[in-house]
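Below is one structure, written out as C-alpha cells; comments come after it.
Laboratory data are not the source of any read-out in this text; all were calculated from the coordinates shown. This structure is a prediction, so every number in the text was calculated from the model and none was measured. No Cβ is skipped: glycine too gets one built from the backbone with ideal geometry, and neighbour counts run over all protein chains shown.
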Amino acid sequence: RGGGPVWRYQDADNYYICRANPLENNFRVYKVVNGNRRMMRTVNLKITSNQWHTIKIENIGDSIKCYYDGKLYLKAKDKTFRHGKIGVWAKADAVTYFDHLKVSAAK
C-alpha cells in the first residue's frame, strides 16, 4: 500500500514524488536525482487504507506544496527540475488505485 503522484519527470532516475504510506503513517515528498531518492519533507499522519484520498501538488517555479485530503501538509523549495511529465507511483509490493488524475495550469 502507498503511492502518489510523480511530476516534472525527466526519466526513471530523475523526478519529484509525493506519497502517502498507510503502513508507516506518513506523507512525504521526495526528489530523485540520478536514481538517488532524497526526502525533502515529511509529516507523520494517519493514512487510512481501503478508502479514497486526494493528493494535490502545486509546483510553481521552485515552490512545492503538497496537500492530503484538501489540507496543506508539506512545503519545500527546489529548482532541480523545471519541467517534465506527470504520472503515478506505487510501492513495488503495493495494491494502489488511482482515479481522476487532473492537471491544470497554475493560477
In nm, the gap between the two label points placed 7 Å beyond Cα toward Cβ at L72 and E24 is 2.4 nm
Subtracting the Cα-Cα distance of K102 and N50 from 0.36 nm times their residue separation yields 16.6 nm
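Out of all DSSP beta bridges in region 12-55, what portion is antiparallel? Express it as a percent rounded to 5. Before the final figure, lay out the partial values.
Working: 15 of 15 bridges.
So the antiparallel bridges amount to about 100 percent of the total.
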Within region 1-79, DSSP-loop trypsin sites (Lys or Arg not before Pro) with at most 13 other C-beta atoms within 10 Å are K46, K79
With the chain reduced to its Cα atoms and the Debye formula applied, log10 I(q)/I(0) at q = 0.11, 0.24 1/Å amounts to -0.30, -1.59
Note, region 91-97: 3J(HN,Hα) by Karplus (6.51, -1.76, 1.60, θ = phi - 60°), whole Hz, Gly/Pro = x, goes 4, 4, 9, 8, 10, 10, 10
Residues whose built amide H sits under 5 Å from the amide H of W89, excluding neighbours closer than 5 in sequence, are G4, V6
